[in-house]
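S.K.: Mind looking over this structure? Questions follow.
Coordinate-derived values only; no laboratory data. Because the structure is predicted, anything quoted here is derived from the model rather than measured. Cβ placement follows ideal geometry from the backbone for every residue including glycine, while neighbour counts extend to all protein chains displayed.
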Amino acid sequence: MQDFYTSEAALKRRFDAVSRQIGFRARDLDEWRVWRRELQTALRQLLGLDRMVPTALNARVTEVAPCDGYRRERVEIDTEPGVTMPLYVLVPDRITTAGVSGQGGSRVSTVPAVIAAHGHDSAGKLTVAGLTDNPAVGQRVHEYNYNYGQEAAQHGYIVFCPDARGFGERRESFSQSPDQLFNSSCHQLAHMGLPLGLTVAGMWAWDLMRLLDYIATRPECQGEKVACIGLSGGGLQTLWLSALDERVDCAVISGYFYGVKDSLLHLSDNCDCNYVPHLWETADMGDLGALIAPRPLLIESGRQDPLNGPRGIDNVLEQYNISQAAYDLLGVQERLDIDVFDGPHKWHGTRVLPWLDRWLR
């Protein structure tokens with residue numbers, strides 16, 4: 001049998017020597033404030049957020065369709081000069097326009113907003129918004145419980161389902177044929193962006209920050225709280241956005257909360273969107289979760305999810321414990337919870353809507 005001279009063992013030793021240099025270790029509120037500011041500043045630089053260029057949203061509604069209990073709007077917004085993000089907005093029928101007594105105008109009843117971020121193998125926003133006319137989309141919805149955006153809208157929330165860069169209508173030229181609907185362009189985006197100081201995760205976080213800007217302009221949302229939820233790559237998006245933008249009032253991360261040594265270094269053939277230069281020297285996922293404190297955070301993880309790595313759920317619980325230390329320090333233990341279920345990589349969802357109701361309404 002041929003011998004191979006691989007580097008993984010050496011890289012794991014290096015990881016052990018240099019990882020989590022700005023990990024959560026605060027012992028009091030003053031230390032927490034200093035740590036939080038230092039880590040958020042470092043992460044913005046690593047992601048390339050400081051290199052992003054703002055532009056006017058120029059929001060435009062291009063389609064409106066009635067659905068079961070809500071209407072679906074297709075909206076486009078600009079997130080950078082020359083960069084457009086299409087999304088679906090699911091507006092519950094219970095949102096009404098009522099006359100204002102003694103005035104000539106009208107007002108719109110408001111509800112909390114939910115950003116429903118998609119992951120891979122999703123056709124972008126189609127699955128989370130529940131557009132199952134395509135049988136292949138329906139199959140993904142069935143396999144992963146992927147229509148969590150639609151479910152939140154039918155529950156009464158106004159839901160925003162965007163295409164992340166590289167997915168759906170935002171696929172790069174390498175993956176735009178109809179038979180590549182479920183493919184992504186993360187690999188190409190990383191190759192184009194990294195030499196320019198940009199990352200896929202950073203592009204996604206920036207776009208969702210601009211989506212928060214757009215949500216603030218919607219009369220149905222003004223004065224209401226905003227949640228972000230997502231499975232897998234949607235969990236990645238939720239984790240980054242919630243850690244870096246305090247306008248997210250509540251978060252649900254499913255299938256994406258594990259130690260990077262097991263799940264991204266050892267499982268090194270994962271998608272390029274996971275890999276940010278110098279990130280592992282700086283922090284692990286539990287530290288990003290700690291940045292979300294004191295805001296409510298629910299984690300979902302399946303015991304049979306292969307992305308948890310060879311040690312399984314123990315790799316998840318170790319990161320959860322890091323985040324829990326921050327919630328304990330702040331005295332808000334009830335705002336962090338985890339749903340460990342028997343099952344594979346999928347959206348579990350059984351505790352999500354009660355969690356949103358508890359913290360948004």
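S.K.: List the relative contact order of the range 46-91 as a percent without decimals, with contacts defined as Cα pairs under 8 Å and 6+ residues apart.
M.R.: 33
S.K.: OK, next. Suppose each label sits 7 Å from its Cα in the direction of the beta carbon; what would the ARG94-ASP30 distance come out to in nanometres?
M.R.: 4.7
S.K.: Same structure again: Please report MET203, MET192 as a ranked list, fewest other C-beta atoms within 10 angstrom at the top and most at the bottom.
M.R.: Neighbour counts put them in this order, fewest first: MET192, MET203.
S.K.: Which residues does the label zone of GLU63 cover in the range 134-161, counting backbone N under 13 Å from a point 7 Å along Cα→Cβ?
M.R.: Of the residues in the range 134-161, 134 have backbone N under 13 Å from the label point off GLU63.
S.K.: Determine the calculated [θ] at 222 nm for the chain from helices alone, applying -39500 (n - 2.57) to every DSSP H run no shorter than 4 residues and normalising by the residue count; nearest 500 deg cm²/dmol.
M.R.: -10500 deg cm²/dmol
S.K.: Where both partners of a DSSP beta bridge lie in the chain, what percent of those bridges are antiparallel, to the nearest 5?
M.R.: Approximately 50 percent, going by the DSSP bridge assignments.
S.K.: Turning to a different aspect of this structure: Is the shape of the range 173-290 rounded, prolate or oblate, going by the alpha carbon gyration tensor and its root eigenvalues a ≥ b ≥ c, with a/c under 1.5 for rounded and a/b larger than b/c for prolate?
M.R.: oblate
S.K.: Under a crude label model (7 Å from the Cα following the beta-carbon direction), how far is GLN139 from VAL53 in nanometres?
M.R.: For the pair GLN139/VAL53, the computed spacing is 4.2 nm.
S.K.: Between the range 119-161 and the range 304-361, what's the alpha-carbon centroid distance in Å?
M.R.: Each part reduced to its Cα centre gives a spacing of 22 Å.
S.K.: Identify which of ALA227, ALA56, ALA325 has the largest mean-square fluctuation in a Gaussian network model of the chain, with springs joining Cα atoms closer than 10 Å.
M.R.: Residue with maximal mean-square fluctuation among ALA227, ALA56, ALA325: ALA56.
S.K.: Compare LEU231, LEU307, LEU329 in a GNM of the chain, Cα atoms joined below 10 Å, and give the one with the largest fluctuation.
M.R.: LEU329
S.K.: Would you mind calculating the gained length between ARG351 and SER268 on full extension (0.36 nm times residue separation, minus the Cα-Cα distance), in nm to one decimal?
M.R.: 26.7 nm
S.K.: Suppose a student asked you for the relative contact order of the chain, using Cα pairs under 8 Å spaced at least 6 residues apart; what percent would you report?
M.R.: Over the chain, the number comes to 18 percent.
S.K.: May I ask you to order 308-317, 37-46, 1-10, 232-241 by the average number of other C-beta atoms within 10 Å around their residues, highest value first?
M.R.: Ranked from most to least packed, the peptides come out as 232-241, 308-317, 37-46, 1-10.
S.K.: Identify all lysines with a Cα-Cα distance to LYS125 below 19 Å; exclude those on the same chain that are fewer than 8 residues away in sequence.
M.R.: LYS346
S.K.: If you take the beta carbon distance between SER109 and GLN176 as r and set R0 to 51 Å, what does 1/(1 + (r/R0)^6) give as a FRET efficiency, to the nearest 0.05?
M.R.: About 0.80, to the nearest 0.05.
S.K.: In percent, what relative contact order does the range 220-306 have, based on Cα pairs under 8 Å that are 6 or more apart in sequence?
M.R.: The value is 34 percent.
S.K.: With point charges of +1 on the Cβ of Lys and Arg and -1 on the Cβ of Asp and Glu, referenced to the Cα centre of the chain, which listed residue (HIS120, ILE299, LEU57) lies farthest in the positive direction of the dipole?
M.R.: LEU57
S.K.: Measure off 7 Å from each Cα along the Cα-to-Cβ vector at ASP314 and GLU8, then give the distance between these two points in nanometres to one decimal.
M.R.: Rounded to a tenth, the inter-label distance reads 1.8 nm.
S.K.: Where the centroid of each part is defined by its Cα atoms, how far is the range 185-209 from the range 1-49 in Å?
M.R.: Centre-to-centre (Cα) distance: 20 Å.
S.K.: Taking K and R as +1 and D and E as -1, what net charge do the other residues with C-beta under 11 Å from the C-beta of VAL91 add up to?
M.R.: Summing Lys/Arg as +1 and Asp/Glu as -1 gives +1.
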